[in-house]
Every structure is written in structure tokens, then in C-alpha cells.
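A quick write-up on the structure given underneath.
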Amino acid sequence: PDPLRETGRYEKMQLLGRGSFGFVQLARNIQTDELAAIKFLKRGEVNKYVESEILNHSALRHPHVIQFKEVFLTQEYICISMEYATGGSLFHYVQKQTKLKEAVARWFFQQLVIGVSYCHRRGVANRDIKLENTLLQKVKG
């Protein structure tokens with residue numbers, strides 16, 4: 001599906017994934033040329049957990065936490081535009097590597113703990129931390 005067509009602000013690039021609550025597409029902001037990951041949730045399925053995710057996550061600003069950019073509606077979906085993590089998921093990274101050296105695993109774990117600690121200090125808890133939901137950002141240079 002291409003619900004972005006009706007917004008006029010984003011151009012669909014590709015499907016990034018599907019989950020139990022919706023799907024995520026890579027999109028390009030037509031005005032700024034910036035890439036964003038947009039999560040699509042059926043409007044009728046929005047509940048208090050989705051509302052709290054949006055409210056809580058919108059206030060988070062940390063290099064180890066994916067940033068929400070904006071929330072908008074289409075006829076069928078509530079759409080959450082987020083920072084795009086160019087490195088994919090830690091799950092796919094580990095699959096490709098087959099095993100991690102201790103120093104690499106420690107570095108990933110430290111980054112995760114720093115991000116989770118920040119969220120906890122802000123009163124936000126994530127009950128779905130797993131490799132598939134841990135995203136990586138390629139470092140430029």
C-alpha cells in the first residue's frame with residue numbers, strides 16, 4: 001500500500017518491515033530530501049499504549065534513541081515519521097556476522113544500556129527490547 005501518496009509530503013521508497021501493529025516504510029521528504037522511516041498504524045487500532053508511545057517517545061532526544069519527527073494522519077492510518085537508521089537492525093547484523101567478538105558485543109551492549117538509562121531517567125520504559133528492534137546507524141566517514 002502507498003498511503004503516503006495522499007499526503008503530498010513524502011515519497012515512498014521501500015518497505016522496511018511489518019509488525020503485529022502495522023508496517024514501516026522508508027520515505028523521502030519531498031521538501032527537504034531527508035529520508036525517514038514512517039510507521040503506519042491502522043487508525044481504528046489506536047489504543048492507550050499507542051497514544052502513550054507517541055507522547056512519551058516524542059519527548060525523547062538522545063543519540064541512542066530513534067527520534068520521532070512528526071505524527072500525521074491519512075484516511076486509513078496514523079503515521080509516525082521517525083529518524084531513519086541506515087544500518088538496519090542488530091538482528092540482521094548478528095545474522096550476517098554469525099558471531100560477534102567480545103569487544104564488539106560489549107560496545108553494542110554499552111550503547112543500548114546508555115539509551116535505556118536515558119529513557120528510564122525520563123520515566124519511559126520499553127517492554128519490547130530485542131535484536132529486531134535495536135537499530136544501527138552507520139557512521140559517516
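Only one entry of TYR84, TYR10 meets the criterion of being open to solvent by less than 40 Å² (accessible area, probe 1.4 Å) and either touching a residue at least 60 places away in the same chain (Cβ under 8 Å) or among the aromatic types (Phe, Trp, Tyr) (or both), and that entry is TYR10.
Does LEU15 fit the bill of being part of a strand (DSSP E or B), of a type outside the set (S, T, N, Q), surrounded by fewer than 14 Cβ atoms within 10 Å (Cβ to Cβ) and without any contact (Cβ under 8 Å) to a residue 60 or more places away in the chain? Here the answer is yes, as LEU15 does meet what is asked.
For region 40-71, taking the residues that are small (Gly, Ala, Ser) and part of a helix (DSSP H, G or I), the one that is modelled with the highest pLDDT is identified as SER58. When LEU60, LEU55 are checked against the criterion of being aliphatic (A, V, I, L, M) and touching a residue at least 60 places away in the same chain (Cβ under 8 Å), LEU60 stands alone in meeting it. Comparison of VAL71, VAL65 shows that the only residue that is within 16 Å of the chain's Cα centre (by Cα), under 27 Å from GLU34 (Cβ atoms) and open to solvent by 40 Å² or more (accessible area, probe 1.4 Å) is VAL71.
Determine whether ALA103 is open to solvent by 50 Å² or more (accessible area, probe 1.4 Å) and at pLDDT 95 or above.
yes
Whenever a residue of region 121-141 is without any contact (Cβ under 8 Å) to a residue 60 or more places away in the chain and exposed (fewer than 10 other Cβ atoms within 10 Å of the Cβ), its partners that are part of a loop (DSSP other than H, G, I, E, B) and among the polar types (S, T, N, Q), lying with C-beta atoms within less than 8 angstrom and at least six residues away or across chains, give the pairs LYS138/THR86.
The values are calculated or read from the model by the stated rules, or taken from the named source; none is laboratory data. From a predicted model like this one, the values you see are computed outputs, not experimental measurements. When we count neighbours, we look across all protein chains shown, and the Cβ atoms used for this are built from the backbone with ideal geometry, even at glycine. Remember, those area values only see protein heavy atoms, side chains included, never the ligands or the DNA or RNA. Shrake-Rupley method; radii C 1.70, N 1.55, O 1.52, S 1.80 Å.
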